1. If I model a spin label at Asp746 and Thr536 as a point 7 Å from the Cα along the Cα→Cβ vector, what separation in nanometres do I get?
2. Which residues does a label at Gln73 reach in the range 337-366, if reach means a backbone N under 19 Å from a point 7 Å past the Cα toward the Cβ?
3. Can you give the FRET efficiency for Arg60 and Lys9, using 1/(1 + (r/R0)^6), R0 = 25 Å, r = Cβ-Cβ distance, to the nearest 0.05?
4. Label the range 630-690 by shape, choosing from rounded, prolate and oblate, from the square roots a ≥ b ≥ c of the eigenvalues of the Cα gyration tensor; if a/c is under 1.5 it is rounded, and otherwise prolate applies when a/b is larger than b/c, oblate when it is not.
5. In nm, to one decimal, how far is the Thr607 label point from the Glu838 one, both placed 7 Å along Cα→Cβ?
6. What shape does the range 547-696 take by its C-alpha gyration tensor, where a ≥ b ≥ c are the square roots of the eigenvalues and a/c under 1.5 counts as rounded, a/b above b/c as prolate, and the rest as oblate?
7. Using DSSP, restrict attention to beta bridges with both residues in the chain and report what percent are antiparallel, rounded to the nearest 5.
8. Based on alpha-carbon atoms only, what is the radius of gyration of the range 506-630 relative to the globular estimate 2.2 N^0.38 Å?
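Every number here is computed from the coordinates shown, using simple stated rules; none is lab data. What you are looking at is a predicted structure, and each value in this text was computed from that prediction instead of being measured. Here the Cβ positions follow ideal geometry from the backbone for every residue, glycine too, while neighbour counts run over all protein chains shown.
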Amino acid sequence: QTVYLKDYKPFGYDIDSVQLDFDLSPHATRVKSRIAFRPKPTSDRRFFLHGEQLKLIAARIDGAPVTPQVNAQGLMCDVPDGPFIWEAEVEIDPANNTALEGLYMSGGMYCTQCEAEGFRKITYYPDRPDVMSVFTVRINGPHPVLLSNGNPVSQADGVAEWHDPWPKPAYLFALVAGDLVAHADEFTTKSGRKVDLNLYVRPGDEGKCAFGMQALKDSMKWDEAVYGREYDLDIFNIVAVDDFNMGAMENKGLNVFNSSAVLASPETSTDMNFQRVEAIIAHEYFHNWTGNRITCRDWFQLCLKEGLTVYRDSQFTSDMRSAAVKRIGDVIDLRARQFAEDQGPLSHPVRPESFQEINNFYTATVYEKGSEVIGMLRRLVGAQAYAEALDLYFERHDGQACTIEDWLKVFEDTTGRDLGQFKRWYSQAGTPRIKVEDNWNSNTYTLTFTQHLKPSATTPDPKPQVIPIVTGLLAPSGQEVVASRVLELTEAQQSFTFEGLTERPVPSVLRGFSAPVILENKRAQEHAAFLLAHDTDPFNRWEAGRELARDSLLAMIRSGAAPDLGYLDGLAKVLSDTTLDPAYRALMLALPGQTDIATALHDVGETPDPDAIWSAHETMIEAQATHFAELLPALFAQNQVREAYRPNAAQSGQRSLANAVLRLLCLNDGPDRAQAQFDTADNMTQQLAALAVLLRANAGKDALQSFETQWKSDRLVMDKWFGLQVMQAAPADVAETAQALTQHPDFNWKNPNRFRAVFGSLAAHHAGLNSADGAGYKLLADWLIKLDPVNPQTTARMCAAFQTWRRYDAERQALCATQLDRILAVPDLSRDTSEMLERIRGDR
Ligand code: ARG
Ligand code: ZN
């Protein structure tokens, strides 16, 4: 059942064209296919086509009926020597497709999700990304809107035909049919092609389209300006779907989005929601070149398109908003998700070498670490060489299904660099740890770095990697004496010297988080305090504050120390520095997450106590409230936005600072201010933040009720209502709160967004999930068992909540093991979930 990269073999046939004919019907959709196969010289005269959960009605080769051998994975059939036409008719049941993979129904509409291996649930086909062809699709059904990939050929009552001129793998196929309304616009590409843009939504959601459409136009413009990439069809359609396993999907010319990742309005969406919509629209659009025009040879190469496209969308967001704020946010996320993955039982290389279920490898490592690897490559070769390499990549590989080797080769060819060692970033799992030591000797300053990668199951014998460490030096006065430069660490241990300095400098290393590594040795407290006050690199300045916060929390947990006054004083200066972006100050004020603190303890061999971490966090927040008491009212007042709501960076930053301050003010002065904000807010950002503060203060009962009354017919807002109650619950109440919410009439657990609202929030509540009585583990296990037969993909993704279970004390481990074993013992557990849980349960 395990698939290996080393076993890759090309498919024995090329496909010249594909014609698909759909007769839509909820329980008996008929799909007719007509596929022109051309055997390669090496192919044998028997072929295999993938196919799952299909009822084969008829099959013909060159018009003559054939009887293939069918099993649960597909069919085998004898085929002619030369080119031939394969025709098949199958029947499928979209209305019963709760797994949301293949053709399924959501709120009365038909839609598809084919990546990675969903097309085989639509018809028999070589469902692998290296088989590319031109598709023509005809859809018959009594729906006003009938969509597929490419350009429209004809539209009439109850039938539409689409033709996609660009050869593509089956995973990029899409079909949508339903009673939808379009928010229409247009875009003219720089070479003058007029493109019709449509955002299709269910009636009632028309008012939530404008922002996503603007984001699409911004993305199209940006990709032309920065990467020279133009759109290549006459039409670009996006469809919003309520039931969706992931964020969105880049099907050629017909992107399908989870409605949470595209619909947005000020009244119903937070600033964070707007940012996410903008980033995901960009991400899916950018896939048109990095993913669709150039795709992956096989699924082991997933990072080829995902790492690059995440990198591209992060560049876009940095350009549209604040680069520093974006970078800090990305690093917080990387540490919380990717580092956790890389340090636990789910650790795998950016390019994995084996899997059972590919859907389990749409991970933070493939996506986010994959993006970091590209950022490092750009840092190493420089922006100019990066641009040249990308031009060559698009020129050389357009229309192909490629590998990481192809990708690195364009860099080697443009720069003359040997990237053999760099390639280890793709093959070695785990997070490298860096130690830095410095030396000052007769005006020569030396930085010595050592790198270490812990051996793991997939990387038993790690070798040194190429690590770009961006470094600057500051004089004791705070003046920068050596500007940022890239130190290229390639050895296990390596020194870099700086001459011509007159006094011992303070180093600022790993600026901008220039590599996804852990800097291990603790800086002296004064060092971090100095950088918090003076560093010219916004990332490292933030990092210094975060380090002080973390160290103080650790001391509080270990020895009951009081919150560090040095940290609080340094932070007070930053908070009142009005030359700093409010968004940046809000990030400074935030504390490291509780899971991060648990990781820090686990890292040095200590057993984290979730309750102690929770209490330290609470104590620190109270200390912030007390320490900043004088500052807070003014800070709150200064950051009230007077103009009409706009989700731009400037306003969002002010609101995020004001809302962080609101929480502290509530501790000092009680909940009145929060209640007032809740009552008068004209946007979701402020309404929801106020509700969160009220719930935290145990003063949110009425607000919660009125919020529900106000929003009960808005699915996306109600997801927030469900989630927030779990997030804001005290540790001992989390499982009970979640359990109670599952009894709510609107808890539609088959909808992934609703399921995640409750259980994703439970999983993210560190002290609640890991409560000492095991109630968190048990409740999550109950519901994963219930969801698995209905939706394996979403179940398997949620299993990652258990990945840290071995960190905790023996009692918690035993409680968790019981639940893991209980799930694993379920008969017919999906391949998705069993692979995840076997890896997590493990046996280290
Ligand atoms: N390619 C999509 C994206 O990153 C993700 C789709 C993954 N879906 C899945 N079922 N694994 O934009
Ligand atoms: Zn993607």
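1. The two pseudo-label positions are separated by 5.3 nm.
2. Those under the cut-off are 353-361.
3. On the way: r = 27 Å, r/R0 = 1.09.
Efficiency, from the Cβ-Cβ distance: 0.35.
4. Oblate is the answer for the range 630-690, as a/c is 1.5 or above yet b/c matches or exceeds a/b.
5. Reported label-point gap for Thr607 and Glu838 is 3.0 nm.
6. On the way: a/c = 1.97, a/b = 1.77, b/c = 1.11.
In terms of gyration-tensor shape, prolate.
7. The antiparallel fraction comes to roughly 80 percent.
8. Rounded to two decimals, the normalised Rg is 1.03.
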